[in-house]
Every structure is written in structure tokens, then in C-alpha cells.
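The values are calculated or read from the model by the stated rules, or taken from the named source; none is laboratory data. Nothing here was measured: the structure is a model prediction, and the numbers come from that model. Neighbour counts are summed over all protein chains in view; Cβ atoms, including those assigned to glycine, are modelled from backbone coordinates with ideal geometry. What goes into the accessible areas is simple: the full protein's heavy atoms, side chains included, and nothing from ligands, DNA or RNA. Shrake-Rupley method; radii C 1.70, N 1.55, O 1.52, S 1.80 Å.
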Amino acid sequence: MNIEPIDYRTAAARLLAERPDIREAITRATLAKEDRRREGYADIDSEAWRDWASRLRRHVLANLDYYLEQAGRALEANGIRVHWAEDAQATCATVLSLCHERGVRRVVKGKSMLSEEIELNPALEAAGIEVTETDLGEYLIQLAGERPSHIIGPAYHKPLSESQALFAERLGTPAGAEPSALAAAARKHLRQRFLAADMMITGANAIAADTGTIALVENEGNIRIGTTTARIHVACVGIEKLVPRLTDLGTLLPLLSRAATGQRLGNYVSLISGPRGAEPEGPDEVHVIFVDNGRSRLLADPPAASTLACIRCGACLNACPVFRQTGGHPYQWAYSGPIGAVLAPGLLGLERGWTLAQASTLCGACDAACPVRIPLSGLLRLWRERAAQAGLEAPGEAPAIRAYARLARRPHRFHMATRLLGRFAPWFGPLVPPLSRWLRGRTLPLRNRNR
Amino acid sequence: MTGDLRERIRRAAVELEDPGLPPPAPRPVYTDPLTRLGERLVTNGGEWHRPPDQAAARAWLDEFAAGFASMTVSKNVPASLRPALATAPPEQAELGIGLARLAVAESGTLILDSREGRKSQLLPPTHLIWIEAANIVADLPAALERLAPDLPAALGFHSGPSRSADLGGITVLGVHGPGRVIVVLIAPLEPL
Ligand code: SF4
């Protein structure tokens, strides 16, 4: 296990210095999504829905063994094969052995953060299997050889000009082509991949324990198509992602959609309850791999276990003034923003993950956004205290990150900022030039906070 | 589940406070689901038609279908709702035609059953969906209650054309699924 602490500070400083365009793109995308979320919450009784969802998810966690057994039985009864994987390596090994046994050479994928967490793509590619991401944003990232910068919008950090250049080079679209032309080129290219695919790999937004149903939410239709055309569907699912009853999805999925994008419901929802059987189309086999990878350890830590209630909507990322400056790359693993910062010490271990919990102002914007009411700022505090108790706070390191975080919250307070910079200059090092540029910048992330 | 994992999870879970299953969340009351379905679908980028009777529906269909060269039709669509177009495999057809099992007014969602064939719902660039008024429900919880006793291999919930904002934050339609979705209300059908 890697116990080298994630060097968030250097990565954030470098990104701010070298890629002001990324900051601009992320700020624009996240502010827009934050507005959409507020609109989405406004047309329901969002307080009551969030109470409901919070209670539902905590009930599941407190009975996780029961619901996992029930889900396992219901899935099997539907003809879905169920596998259990202790960690990332075991999950990749399970997928690889399915591929080998069934002669799979071409895999298409739906966007899955769990797949990023366990680094499934490199494992498949090392075995000579062709892997194609089919979510448009994820496909862009794959072409560019990058990592997702946001759990919902993997390419939120990519300015249009970069996508245009990438598509011109890789798909032969004309320079400066309109987004609709780029999308048409991707559609054509990826359609061939769908039709030639042996296996579709997805995550899952939830599994209903009573009916053994896999729920998947998306906007493009790539998940629906891949789970139709490939002969094998494999869903890699964290052990925490259960709901007791199919009907719970009636409230959970609209709440998730509103939190993520402000939509009343994601444009496409798939409820998968088995292989095709006697039906005309669809996969011959459906597999669910339940993945632990540190989750049962986090579950055994009562003060932090509520982290596992997360439904991965990304709302806390959009609400976070620190995340909005850089996007997810400086966090250097699958999950970023407030949820990434509290999952990192929980799943990767305190030694490796503690630095991310420093990257926050504790302003509470994430708490106010979270559809399942995870006390994110409280959990950030908890991990900071634990880091301090373990003697992990390198002198100056954590205060410097926190000062940076405070600046992120109020970039307009120039005088305070210059004072802070003076005080923390020895620790900021490379942060100083980008910060001063940022303070003078054209696109200060200001907004009316009273909306 | 391996005994090890089960034991580990059981021991961890039992230490957590259990608030119990929550009572249902409050649901807004919708008075006119039919009108709302149309409004929401249009907001989502779909098209909505409400012909006054079967003859008008047929006339609309013939005119609409004249714009296409080929179609793929779900086996649930009765002959009276199939235009006189050449059929083609779903991979090639210009138009897909299907019959929704249910529709959800609140989100403008059509619920499609995999037993009618999934490819015609997804592969053609245009998708025409028929819906009977009796199969329109107010919200998603109501829909799931009706669906739960009879689940096919896959249910697809479609709330409008395929969309993405991954290219510089600009919304594009038809990126994978149909870029054009037309929903037409019909009178009750004879059981097939
Ligand atoms: S912690 Fe809450 S707001 Fe953040 S991704 Fe998870 S569910 Fe969404």
C-alpha cells in the first residue's frame, strides 16, 4: 500500500500556474451546475427529500450485511452472476478471468468512478484487450490520455478548443468544427465500437435488494446501447450502493439527478433485472462484482462511516470554492472535492490521504448541497484532527494549504490575500505567482451567495 | 459472499445507529398528468402530439413517415400504428417506432420494455413512441409500483433526445441515442 502522502499543494500550484484555462473552464462548469442544482432542489420539498435519503442510506449501512445477502440472492434468482472482490486487484482479476474464459477481445465501457478507483483500464489493456470509453467526456479523456477531473463531468476541465484539436487529430474532423459536428463524428466512431463489442462494463448508481435490479443513470444513451449490444454485461459495484426496495429509486433517482445536474431525472435510466433470456435482444450474461476495496474498513469506523452514504452526485464538488479553482486533478485519485477529501483517508489510509482533508475552507457549502446529508465539513475536521494526533502535520504544510483554501473562498479580498501571502510565502513557494495572477484575473469566481 | 467479508460487514454494521426505514418522502400532487407529460417532454427537447382521434393519429403518422426512407418497428406496435415504410435492421433504419409501457408526467419520461426489442429504441436517429393515456402516471414512485410485479430484463426510461454537454459545456443532441424523440398520445388499444 502506498503511504506517501498525496502532494495536493504542489499539484494545485502547478495547475494554477500553468493552466489558467483549466481553472476558467472548471469554474464556469461547476458554477453552472451549482445553479442547476439549486433550481432542481427548489421545485421539490428538498429538505424533506434529503432527510428521507439520508435516513434510507444510513439504514442500509447499518444493515449492510442483510441487504447484501438479500441483493445477492435476488440477483442470482434473476440469472445474474454475483462475484465478490476484496480489493482492486481481485476486481480486475475477476473481470480478466471473465474475459479470458469467454474470449473477450473488445470491451466498451460506461462512465464508472469505481473503475477509475481500481484502475481497471490499464489492467485490461495490459492483457491485450481493447478498451473504449463511450461516455463522450470519458472518451475525450481517454483520447487525451488524461484522468477525469470531476465525478460527473470527466471533461469539465477541457476547453472546447482542446476537444476540437483532439478530434481533428484523432477522428479527422475539420479544425474548429462545431460541437454538433464533433458529436456526430464521435457517434459514428463509437457506434462501430458498440456493434463490435464483446463486453460492456459499467458501474451502478444503485442496486435494489428486493428485486435484484441494477439501476444506471446517464444522459447520452451509451450505457443503454452498450448493455444492449454486447453479449456480456459486467457491473462493478461498491458494496455500499444498495437500496432496500425498487420503489426507493422513485425518490432516490430524481434526487440524485437534481443534485447532479438539476434535471428532474437523468435523460436515460436503465433498470436491469437479468440477462436477455428469451427476449429478442440484450446480453446473454450479466455479472455483478461487489467490490469492497477498503469500504468494510470505513464501515467499521463509526465516526466516518456515513461517508459511505454517498450517491456520487458531484454536488459537493460544484459547491466547493476550493475545488472550483482547479477541478479534480490535484487530488490525484478517482474522487475529488469534499467527498474525495474524506474518502481518501478512509479508503487509502490516513498516511496517504490526510493532505486532501486540508484542502478545504470548512465553509459548509458542501453540507448544504449534499442530497444525503453527509456531514462533509465535520468529516474534514475529523480527519484533520486524526492527522494532527498521528503527528502527520508537517510543519507549515497544512496551514499553507488551508490559507490557500481560504483564499479560494474569497479571492476578491485582495488586501487580506496579500497579507496572507506575505505570511505564508515560505510555504507557498510556487503558489505565489499564480495566486497573484489569479487575484488580478479576469474571471474571479464571484457570485451572489444569497441566491 | 465469502464468510470472511460477511462477518466483517456484520460486525461493522451492528455498531452503526439504525434510523430504520424512512416513511415515504412527500410527493407533490399533480392534477393533469397528461398535459404535464407533454410540457415536460418538450422542456427536455422532445416533441409531443395529441391527435383528437385514431383517424387523426393515422393521418399524422402517414405525413410524418413520408420524411423517412426506412423503419424498424417494435413487435408491440399494432398494424394500425405502423406506417407504410420499408423495414430495415435497427442498425440501418432511419426511424424506430415503439410503444411505451408507461409514462411519467413529472419528468417527461417514457418507460420502454426490453421485450419489445431494445435496438429499435436506441439505434435509429429518430424514435417515435406511442403512449396510451391510461398508461400515464404522475410520478416515478407511482410508475415503479406498477412496474415492480413484472420486470423484464431491462427497462429503459427515456426523457428526451440523447444529450451531452461534455464538449466545452455546450449541449449537443443525438450523441449516442436518438437525437429526435416524438411522443404521440393514442386512444386505448385492443389487447394484443
Ligand atoms: S458526498 Fe453528497 S454531495 Fe458529495 S458526491 Fe456524495 S452524495 Fe453527492
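Tabulated values for the structure
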| quantity | calculated |
| --- | --- |
| The range B:63-80, residues that are modelled with pLDDT of 95 or more and closer than 17 Å to B:A93 by Cα | B:F64, B:A65, B:A66, B:G67, B:F68, B:A69, B:S70, B:M71, B:T72, B:V73, B:S74, B:V77 |
| Flag for B:T43 being within 11 Å of another protein chain (Cβ to nearest Cβ) and more than 30 Å from A:P302 (Cα to Cα) | yes |
| Residue selected from the range A:321-342 under the condition more than 21 Å from A:E34 (Cβ to Cβ) and touching a Gly at 6+ places or on another chain (Cβ under 8 Å), by the criterion nearest to the ligand (Cβ to nearest atom) | A:A334 |
| 3 or more residues within 17 Å of B:G168 (Cα to Cα): qualifying helices (runs of 4 or more DSSP H) within the range A:146-253 | A:160-171, A:179-196 |
| Hey, A:L75 over 25 Å from the mean Cα position of the chain (by Cα), within 13 Å of chain B (Cβ to nearest Cβ), modelled with pLDDT of 95 or more and closer than 29 Å to A:E220 by Cα or not | yes |
| Cβ-Cβ under 7 Å pairs, at least 6 apart or on other chains, the range A:360-372 side more than 10 Å from the ligand (Cβ to nearest atom), far side part of a loop (DSSP other than H, G, I, E, B) | A:S360/A:V322; A:T361/A:P321; A:T361/A:V322; A:C363/A:P321; A:A365/A:C320; A:A365/A:P321 |
| Answer from A:G274, A:G226, A:G262, A:G250 - the residue that is on the phi > 0 side of the Ramachandran plot and more than 16 Å from the ligand (Cβ to nearest atom) | A:G274 |
| Counted residues, the range A:125-176 - those being surrounded by 20 or more Cβ atoms within 10 Å (Cβ to Cβ) and in contact with a Gly (Cβ under 8 Å, 6 or more places away or on another chain) | 16 |
| Hits in the range B:25-38 - residues which are surrounded by 12 or more Cβ atoms within 10 Å (Cβ to Cβ) and at the interface with another protein chain (Cβ under 8 Å from one of its Cβ atoms) | B:A25, B:P26 |
| Any pair with Cβ under 7 angstrom, 6 or more apart, that starts in the range B:12-29 at a residue that is without any contact (Cβ under 8 Å) to a residue 60 or more places away in the chain and ends at one that is assigned to a loop (DSSP other than H, G, I, E, B) | B:A12/A:A300; B:A13/A:N63; B:E15/A:P302; B:L16/A:P302; B:D18/A:N63; B:L21/A:P244; B:P26/A:D45 |
| Selected residue (only one of B:A93, B:A133, B:A143 is within 14 Å of another protein chain (Cβ to nearest Cβ) and under 18 Å from the mean Cα position of the chain (by Cα)) | B:A143 |
| Selection count where residues are surrounded by fewer than 24 Cβ atoms within 10 Å (Cβ to Cβ) and in contact with a Pro (Cβ under 9 Å, 6 or more places away or on another chain), scope the range B:148-160 | 0 |
| Unmet requirement for A:L96, which otherwise passes all of (1) touching a residue at least 40 places away in the same chain (Cβ under 8 Å); (2) closer than 30 Å to A:E130 by Cα; (3) open to solvent by 20 Å² or more (accessible area, probe 1.4 Å) | (1) |
| Strands (runs of 3 or more DSSP E) contained entirely in the range B:112-192, each with at least 3 residues that are within 26 Å of B:A69 (Cα to Cα) | B:126-132, B:180-186 |
| Pairs with Cβ under 8 Å, 6+ apart, first in the range B:45-62 and at positive phi, second modelled with pLDDT of 95 or more and assigned to a loop (DSSP other than H, G, I, E, B) | B:G45/B:G160; B:G45/B:P161 |
| Pairs with Cβ under 9 Å, 6+ apart, first in the range A:255-284 and of a type in the set (G, A, S) and modelled with pLDDT under 95, second open to solvent by less than 10 Å² (accessible area, probe 1.4 Å) and away from the ligand (no atom under 16 Å from the Cβ) | none |
| Count - residues of the range A:95-124 that are assigned to a loop (DSSP other than H, G, I, E, B) and of a type outside the set (A, V, I, L, M, F, W, C) | 7 |
| Residue in the range A:282-298 that is touching a Gly at 6+ places or on another chain (Cβ under 7 Å), open to solvent by less than 10 Å² (accessible area, probe 1.4 Å), farther than 19 Å from B:V175 by Cβ and within 16 Å of the ligand (Cβ to nearest atom) present | yes |
| The range A:78-94, residues that are more than 13 Å from chain B (Cβ to nearest Cβ) and either assigned to a loop (DSSP other than H, G, I, E, B) or in contact with a helix residue (DSSP H, G or I) (Cβ under 6 Å, 6 or more places away or on another chain) (or both) | A:C92 |
| Filter result (open to solvent by less than 10 Å² (accessible area, probe 1.4 Å), within 22 Å of A:R57 (Cβ to Cβ) and part of a loop (DSSP other than H, G, I, E, B)) within the range A:335-369 | A:Y335, A:S336 |
| Complete set of residues in the range A:308-323 that are buried (at least 24 other Cβ atoms within 10 Å of the Cβ) and either in a helix (DSSP H, G or I) or not hydrophobic (A, V, I, L, M, F, W, C) (or both) | A:L308, A:G314, A:A315, A:C316, A:L317, A:N318, A:A319, A:F323 |
| Single residue of A:R245, A:R231, A:R276, A:R224 found to be in contact with an Asp or Glu (Cβ under 8 Å, 6 or more places away or on another chain), within 7 Å of chain B (Cβ to nearest Cβ) and open to solvent by 10 Å² or more (accessible area, probe 1.4 Å) | A:R276 |
